[in-house]
Amino acid sequence: MRLQVIDLDGSVACQEPLRRRIDAGEGTCIDAGDLAARLRIVASREAGAGLLDRLAASGRDGSGPPVYFYGSGDFHHLTALLLRTVSEPVTVIHFDNHPDWVQFPATVNCGAWVNRALELPQIRKVVTIGPCSGDLVRPEWQFANLRAVEAERIALFPWRHAPSRVWRRYDAAASFRQEGSHLHWRNLAEEDWTEFLDDLLPAIPTQAVWLTIDKDVLGRGEAVTNWDQGELTLAHLIAAVERLAAERRIVGVDVCGDWSEPRFSDPFRAALAFFDHPPRRRPSAEDLAVNARTNAALINCFTQVLP
């Protein structure tokens, strides 16, 4: 694999498991702190283009697929930019406590990036695994792209969530059934994980897959993030990565979900963060150490399963 740390917010480049690999020449660190204020929450076109230019300039030293670590989940929409570098049909496997499927506004932002990805001709499908968040409460009111779920361009598998109240009629899909005015999701917490993966693999329409991991899919014992968090365990996540790598070809990975102090240069992004984030807290260094441990476990997994 080709490990690349995109240093936007200082949250990952200093972590021992990443710093050690960078110092040993086993990874690259791209300084992008000057772009962070224009990428956080919503990416400006100029900042997004500037980031892709820096990644291209960093070269392609080493072999294997790229593996990016880039800090807070406030930057998760960078996945939609990274996917532009893929030149073959690919399925995105998306681990997250949030579906990131909002249709409005049509910008590159952390709540809508899945739709930006689906606009790319090479993206065949996005499979979202793990949400527990309130995004599934009256999703139509929150501009959710349920038509893409109905068409199975998005397959959404919550870890645990009550049925979603809807007003329109949707045909059944692999991840839900409709009963009256509610969508009943296939809750993974109620299933055998291996059996779910057995069902998932045949539903992936491409040999190539891209993995995108927001650590807010994990509980507080295994990650500390800027967002509300789910209940998936790290063991489940690693088992899924191992199975996907064994039966599909992973062409890229990106990982976010570390905590950093939100800093903005404009009131628009600051307001969005204020209303979307849970109540602000300042975790201790001991609290944040869990992120380094989880990132180390993920790196060890990627090292073993990626070419």
Of all the residues that make up region 111-129, how many are in a loop (DSSP other than H, G, I, E, B) and in contact with a strand residue (DSSP E or B) (Cβ under 8 Å, 6 or more places away or on another chain)?
3
I'd like the full set of residues that are part of a loop (DSSP other than H, G, I, E, B), in contact (Cβ under 8 Å) with a residue 24 or more places away in the chain and not hydroxyl-bearing (Ser, Thr, Tyr), limited to region 202-219.
204, 205, 207
Give me the residue from region 154-178 that is surrounded by fewer than 16 Cβ atoms within 10 Å (Cβ to Cβ) and under 24 Å from residue 237 (Cβ atoms) and, out of that set, nearest to the chain's Cα centre (by Cα).
160
Any hit, region 127-149, residues being basic (Lys, Arg), touching a residue at least 12 places away in the same chain (Cβ under 8 Å) and at positive phi:
yes
Taking the condition out of contact with any Asp or Glu (no Cβ under 8 Å at 6 or more places or on another chain), over 18 Å from residue 125 (Cβ atoms) and assigned to a loop (DSSP other than H, G, I, E, B), does residue 236 pass?
no
Among (1) of a type outside the set (D, E, K, R); (2) in contact with a strand residue (DSSP E or B) (Cβ under 8 Å, 6 or more places away or on another chain); (3) buried (at least 21 other Cβ atoms within 10 Å of the Cβ); (4) outside any strand (DSSP E or B) - the single one residue 80 does not satisfy:
(2)
Among the numbered criteria (1) in contact (Cβ under 8 Å) with a residue 12 or more places away in the chain; (2) within 28 Å of residue 35 (Cα to Cα); (3) outside any helix (DSSP H, G or I), which single criterion is violated by residue 105?
(1)
Please enumerate the residues belonging to region 267-291 that are small (Gly, Ala, Ser) and either part of a loop (DSSP other than H, G, I, E, B) or touching a strand residue (DSSP E or B) at 6+ places or on another chain (Cβ under 9 Å) (or both).
284
Among the residues of region 182-197, are any within 22 Å of the chain's Cα centre (by Cα), loosely packed, with under 12 Cβ neighbours inside 10 Å and not in a loop (DSSP other than H, G, I, E, B)?
yes
Quick count over region 1-14, residues being under 21 Å from residue 305 (Cβ atoms), at pLDDT 95 or above and either among the hydroxyl-bearing types (Ser, Thr, Tyr) or out of contact with any Asp or Glu (no Cβ under 8 Å at 6 or more places or on another chain) (or both), is 2
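The values are calculated or read from the model by the stated rules, or taken from the named source; none is laboratory data. Source: prediction; values computed, not measured. Cβ sites come from the backbone with ideal geometry, for glycine too, and all protein chains shown count toward neighbours.
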